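See below for the structure under consideration.
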Amino acid sequence: MKHLDATLHVRGKSVFVSDHNLPDNVLHGALLTSPVPHGTITGLDTSRAAGMNGVVRIITWQDVPGENQIGNIILDEPLFAETEVNFIGEPVALVLADTPLKARNAAGCIGLDIIELPAVTDPRRAFELGMLISPPRTFSMGSMDDGLKNCHHVFSGRADSGGQEHLYLETQRAFAVPAEKGCIRIHSSTQGPSFVQKVAARVLNIPMNRIEVDVGRLGGAFGGKEDQATPWAVMAALGAYLTGRPVKVELSRKEDMRWTGKRHPYSSDYRIGLRDDGRILCWEVTYYQNGGAASDLSTAILERTLFHSTGAYFIPNVRATGVSCRTHLPPNTAFRGFGAPQAMFVMESAIHHASRELGMKPWEIQERNLLCRGDHFPYGMTFEGDELRRSWNRVMDDRKPDRGGRNGKEPCSGGTPFRKGLYFMPVCFGISFTNTSLNQATALVHVYTDGSVGVSTGAVEMGQGVNTKIAQVAARTLGVDISRIKVETTNTTRAANTSPTAASTGADMNGNATRTACNCILERLMAFAKDYMKVPKGSNLALLDETVTVDGRSTDLHWEELVGQTYLARVSLSSQAHYATPDIYFDSSSEKGRPFAYHVTGTAATEVTLDCLRGTFTVDSVTVVHDAGESMNPLVDRGQVEGALLQGIGWVTMEELKYTEPGGELLSDSLATYKVPDIYSAPDEVRVEFLESRGSNAGVYNSKAVGEPPFMYGIGTYFALLEAMASFRPGIRAGYSTPMSNQKLLMLLEDDRNIP
Amino acid sequence: MTVSFLLNGKKYGTSLPPGAVALDLIRNETQLTGTKEGCREGDCGACTVLLGTPGPDGVRYSAVNSCILPVGELSGRHLVTIEGVSPEEGLSTVQEPFVQHGASQCGFCTPGMIMSLTGYLLSTTEPDVSGAVGALGGNICRCTGYISVKRAAETVVNSTGPSPARSPFSREHLKHLVSRNVIPSYFLNIEKILAQSKEPEERDSAGTADYIKVAGGTDLFATGGEELVRRNLRFLSRNPQLRYVRNEGEGLFRIGAASTVEDLIESGIFKGTGNLHDSLRLVSSVQVRSRATVGGNIVNASPIGDLTIIMLALKAVLRISGASGHREVPLSKFFRGYKIIDLQPDELLESVCFKKSGPGEMVNFEKVSMRKHMDIASVNTAAVFRVTNRTVEEAIISAGGVAPVPAILNRTCDYLRNSEICTGTVLDACETAMEEISPITDVRGTAEYKRLLTGRLLKTHFLELFPEILEPGDIL
């Protein structure tokens, strides 16, 4: 089954936010933002800009009718700065003019006086200064003290992981159109239409039912449009509300890169205790999360870090502490993996560290500690299933030297400067929003009298194929051809109070809601058909290939006739359904519970070739064995695995955020200076195999979520590079700090004291 | 003043200023919204379109970034957007495999990829997979990881097959592509229509008013944006006196300053000269190489221009014309300081002349950047050695990113003259080079890294050119 939007995409016919025809009286917004990371505003003079040609209105915090507040979990983020600024790019004023250029020029003519204050950009420094977003949290299990007594070896160290720019190809944007009765209709490139609606209502001080948010599709998001699509949409709504004209706000690439948050950089301390045989008994870790200037989703992201502190391993004694630190960077935010990649990087660093000290292979330690059915996580949940172990074994059988795998030879040793490195990366990722209340979804299904079907859900299509899967669910449940199904735009008037499309749950939850709604209609249709066809009581009716069957035998009652007759009999052909993920709970006072509906697991083997002369590398091959359950759509799921993998490789290698020091001004603020993987960066060979699996009841039709977990396969590339370096310079102590840029590679190869 | 051209199948005139960019014309004026804006500086390829230029051998099509393509350049040409390659019904041979292989997820980069691949098929009679993948080197996708894109590209190549035509610019080739459903049949009429509609005369406003000379404009329009809309521009790219690659005999070659990087690749001028021919593909992306010129690379005076570094090592001489006639300047004397060049405002760089390499000469180019392709170097360097009996008679080594100007490593070259090639010489030469350069810390690397990298790339020159004499293990 193909991605249903793809035929539009390849013709350039898909409509994104900026592809809508705008009314002639549309106003374009441009922003004045803070040029400094921290300061007190002492003067704001908009008079000159307001008088410029084409300028219609300039909006500051004083023009906000309701609350000047866009915070989500913690209300700590103003829409427009009032008396202080806390990061470069913090919005101060919005200029509305009749062309984008006039708006931009006028924004540059606003007088802004700021007394600059000291800025903190390092999370550990922020921690020392007591600049915290929330109090530290600790997840623990067993007893570190008892465990340490049984350890033969204890190693401690530090691991740092860098941030990551989302680089969705479509930058942040929205437009808002005033409607009658004081209503505003917003077209936003957002993963969270209901959140945009809620915040717009809060800022405008009007009821939520006056705000309609419509989302057609997103040109990529990856978490970057979960919370951070909101300010621009709310600004457009505010502009439309205040001027009575349509307003569009669209960030340029540079603005988007400079002003919006990224994946959280983490700096972490770890202590790992093992027995001689490589069994890990103790794991102690403290994460210092660089939250940026406002909380955004940082606390939820840190929570997921704590959930995944032990990665794909069982460790009996654990103490994991997370600190969300407030710094003067743009608020960092959700990004595929949501804190889990940072946790897994620390875990793998410690294992790599131990393997080096003990003279073992990293995989020997990994294999000895891999999660088994019945093992407990520090948060109280029990690990189920054998898919992780089976994926591990499959990959090892394929790649491990002494099991006859393909990596038996080392063609690059000896006289050449090329070295190979191989690393296995097992992944275990929990599926559900860690905030239990978000695990709900709705669907509204209409069957029209001609037999065509419209489905509205809370899911947002951003390329991940969720609408394709929802159409598949509707077609399969109703027993009709998929060509009859249209998945509508995501709209708050059809799907209310929805959770953002995030946490890999979009297809699971919205698919299950769709299935329930379709089943409800199907039951009515079958009940009607029983009467209509006068079949004996006790017969079993079903719809198969658009035809009613009775006790498994085909009849000549076709879908279209059935639907038409059911309508004439005055039976509803519409249904709305709600889905709440069952059996999940979490008690944050004890930090125990069952926060996840299930886990997604898999293993990747990554092979790299390092050029020790130039300090460059290629990823030769990645073999992935992944559990997608009974995949709804293997083509779409494969695309998710491959795409996430390369994003993960980018995160640990070439994607490097560079800032001025001190000051925290982003230097890598364009595609010329922030490099994401291109087609040449993709591994020469990527093999993705889906494990035979029973799947999960919480997934739709026994499928499993796929969006985020494969990102973490990319982490293997970092350690494969360390392995290649070690084969060139035995004993090299490279430290653990992403990204492994070409610069870092060469500097380390030259002298491993070059890097902290 | 109207700029007239063919937009897809129809004549089109715009009154936008010549310095506006084609992307804005396409999206805002014609409302063909299939072309997307991703970065507005030629670094993502989402806005890729085809630009067809009529010539004596037919219409030549190149994939270019419309975000850095000035409207003035459209005059008399054929501009093709995604709407212009889509069949009325169904999908083209390029489009269909992207659907089949799941090579389009969010879809924002997809139209650009379709245009790049279509452009590739228009530029070759013998498509192959590596060429097709290379044609997508300028298209950034954040969703797919490119694996499915490569599968799609392979299918596209196989479905298109080799063309019976002799030249990719010929009508026969277009017919082949029409028959394979790669392009719509209106392409067959384009040459005729372009010939009928007379191209407006080049307005040579030289000497009249304040104007900016635009060659490829790939750097100018990536950074200059809104100001260029108001300025007078003089476009150089279609002046045949500035665009040629000529063998002048006795090993001497002359390149017109407005020749593009793709022109150099197509001419094959550097085939057999060390690794230079292949290295040209390390210069940005095909979209940029189709526009970026040799002269532009030189007068832009970036300390890190790839072509400049190559030309420096080849001891290129520049021919410059001005009010008082012509003069010649060695490239090595052209750069006076950071972005300061020996060129008066009323002068024009006309051509670049150099000897490819003489007997006994060996050439190598090295470049390391944050990302191997479509990136500006952290350090790049070219080396030309003349060696007899293991002894260096002459060495010219240039390096970029190590000084305010593209530099010749003079002290290193002096040291190498009359030295025997051996491990000791290499190590000493590297030391000399690392001492004589003065890199600065910037977004492409720290000064310390660039110094180290320069030494490493020097070692690489030696190892690449003298593998039978040197052992990597000894040198590293």
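The values are calculated or read from the model by the stated rules, or taken from the named source; none is laboratory data. Owing to the predicted nature of the structure, the values given are computational and were not obtained by experimental measurement. Please note: Cβ atoms are built from the backbone with ideal geometry, for glycine as well, and neighbour counts cover all protein chains shown. The area values use the complete protein model at the heavy-atom level, side chains included, leaving out ligands, DNA and RNA. Shrake-Rupley method; radii C 1.70, N 1.55, O 1.52, S 1.80 Å.
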*Qualifying position, being surrounded by fewer than 17 Cβ atoms within 10 Å (Cβ to Cβ) and either within 14 Å of another protein chain (Cβ to nearest Cβ) or in contact (Cβ under 8 Å) with a residue 12 or more places away in the chain (or both), among B:306, B:346*: B:346
_Checking the conditions here, which among B:378, B:438 is at the interface with another protein chain (Cβ under 10 Å from one of its Cβ atoms) and under 26 Å from residue B:339 (Cα atoms)?_
B:378
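Yes or no, residue by residue, for (1) over 25 Å from residue A:706 (Cα atoms); (2) hydroxyl-bearing (Ser, Thr, Tyr):
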residue: A:443; (1), (2): no, no
residue: A:449; (1), (2): yes, yes
residue: A:455; (1), (2): no, no
residue: A:460; (1), (2): no, no
residue: A:467; (1), (2): no, no
residue: A:484; (1), (2): yes, no
residue: A:488; (1), (2): no, no
residue: A:493; (1), (2): yes, yes
*asked:* If I ask for residues that are outside any helix (DSSP H, G or I), out of contact with any Ser or Thr (no Cβ under 6 Å at 6 or more places or on another chain) and open to solvent by 70 Å² or more (accessible area, probe 1.4 Å), which ones from the range A:559-584 would you list?
replied: A:570, A:576, A:583
_Can you tell me how many residues within the range B:136-156 are open to solvent by 10 Å² or more (accessible area, probe 1.4 Å) and in a helix (DSSP H, G or I)?_
5
*Go through the range B:441-471 residue by residue and tally those that are hydrophobic (A, V, I, L, M, F, W, C), in contact (Cβ under 8 Å) with a residue 24 or more places away in the chain, within 11 Å of another protein chain (Cβ to nearest Cβ) and in contact with a Gly (Cβ under 9 Å, 6 or more places away or on another chain).*
1
*Just give me the residues in the range B:349-375 being of a type in the set (A, V, I, L, M, F, W, C) and within 14 Å of chain A (Cβ to nearest Cβ), in sequence order.*
B:365, B:368, B:370, B:374
*asked:* Tell me yes or no: at least one residue of the range A:2-21 is touching a residue at least 40 places away in the same chain (Cβ under 8 Å), within 14 Å of chain B (Cβ to nearest Cβ), closer than 30 Å to residue A:326 by Cβ and not in a loop (DSSP other than H, G, I, E, B).
replied: no
*How many of the residues making up the range B:406-465 are among the acidic types (Asp, Glu) and closer than 30 Å to residue A:665 by Cα?*
2
*Taking the range A:1-57, which residues are charged (D, E, K, R) and touching a Ser or Thr at 6+ places or on another chain (Cβ under 9 Å)?*
A:2, A:5, A:11, A:13, A:19, A:57
*Could you check residue B:184 against (1) modelled with pLDDT of 95 or more; (2) more than 14 Å from chain A (Cβ to nearest Cβ) and say which number it fails?*
(2)
_Condition check: hydrophobic (A, V, I, L, M, F, W, C), open to solvent by 10 Å² or more (accessible area, probe 1.4 Å) and over 20 Å from the mean Cα position of the chain (by Cα). Does residue A:274 satisfy that?_
no
*Is it the case that some residue within the range A:193-207 is small (Gly, Ala, Ser) and out of contact with any Ser or Thr (no Cβ under 7 Å at 6 or more places or on another chain)?*
yes
*asked:* Just the residues that are in a loop (DSSP other than H, G, I, E, B) and at the interface with another protein chain (Cβ under 7 Å from one of its Cβ atoms), please, taken from the range A:611-642.
replied: A:612, A:613, A:614, A:615
*asked:* Could you check the range A:213-261 and list, in sequence order, the residues that are within 14 Å of the chain's Cα centre (by Cα), more than 14 Å from chain B (Cβ to nearest Cβ) and either of a type in the set (Val, Ile, Thr) or more than 30 Å from residue A:180 (Cα to Cα) (or both)?
replied: A:261
*So which residues in the range A:367-380 are touching a Pro at 6+ places or on another chain (Cβ under 8 Å) and either within 14 Å of residue A:601 (Cβ to Cβ) or open to solvent by 50 Å² or more (accessible area, probe 1.4 Å) (or both)?*
A:370
_Among the listed residues B:137, B:107, B:112, identify the single one that is in contact with a Cys (Cβ under 7 Å, 6 or more places away or on another chain), within 11 Å of chain A (Cβ to nearest Cβ) and within 27 Å of residue B:218 (Cβ to Cβ)._
B:112
*Within the range A:88-185, strands (runs of 3 or more DSSP E) holding 1 or more residues that are open to solvent by 20 Å² or more (accessible area, probe 1.4 Å)*: A:111-116, A:137-141, A:153-161, A:173-179
*Could you tell me which numbered condition residue B:58 fails, if it satisfies all but one of (1) open to solvent by 10 Å² or more (accessible area, probe 1.4 Å); (2) of a type outside the set (S, T, N, Q); (3) on the phi > 0 side of the Ramachandran plot; (4) more than 8 Å from chain A (Cβ to nearest Cβ)?*
(1)
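Residues checked against (1) surrounded by fewer than 19 Cβ atoms within 10 Å (Cβ to Cβ); (2) touching a Pro at 6+ places or on another chain (Cβ under 6 Å):
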{"position": "A:525", "(1), (2)": "no, no"}
{"position": "A:533", "(1), (2)": "yes, no"}
{"position": "A:612", "(1), (2)": "no, yes"}
{"position": "A:622", "(1), (2)": "no, yes"}
*Residues satisfying the stated conditions in the range A:666-681, i.e. assigned to a loop (DSSP other than H, G, I, E, B) and more than 7 Å from chain B (Cβ to nearest Cβ)*: A:669, A:674, A:677
_One residue is enough: does the range A:656-664 have a residue meeting the conditions hydrophobic (A, V, I, L, M, F, W, C), within 13 Å of chain B (Cβ to nearest Cβ), closer than 30 Å to residue A:292 by Cα and assigned to a loop (DSSP other than H, G, I, E, B)?_
yes
_Residues that are open to solvent by less than 30 Å² (accessible area, probe 1.4 Å), in a loop (DSSP other than H, G, I, E, B) and more than 14 Å from chain B (Cβ to nearest Cβ), drawn from the range A:22-51_ = A:34, A:36, A:37
*Within the bounds of the range A:723-736, is there any residue that is surrounded by 22 or more Cβ atoms within 10 Å (Cβ to Cβ) and under 26 Å from residue A:169 (Cβ atoms)?*
no
*Can you run down the residue pairs with Cβ atoms below 8 Å, 6 or more apart or on separate chains, where the first is in the range B:205-234 and at pLDDT below 80 and the partner is aromatic (Phe, Trp, Tyr)?*
B:205/B:211
*Within the group A:180, A:170, A:165, which residue is of a type in the set (Asp, Glu) and more than 29 Å from the chain's Cα centre (by Cα)?*
A:180
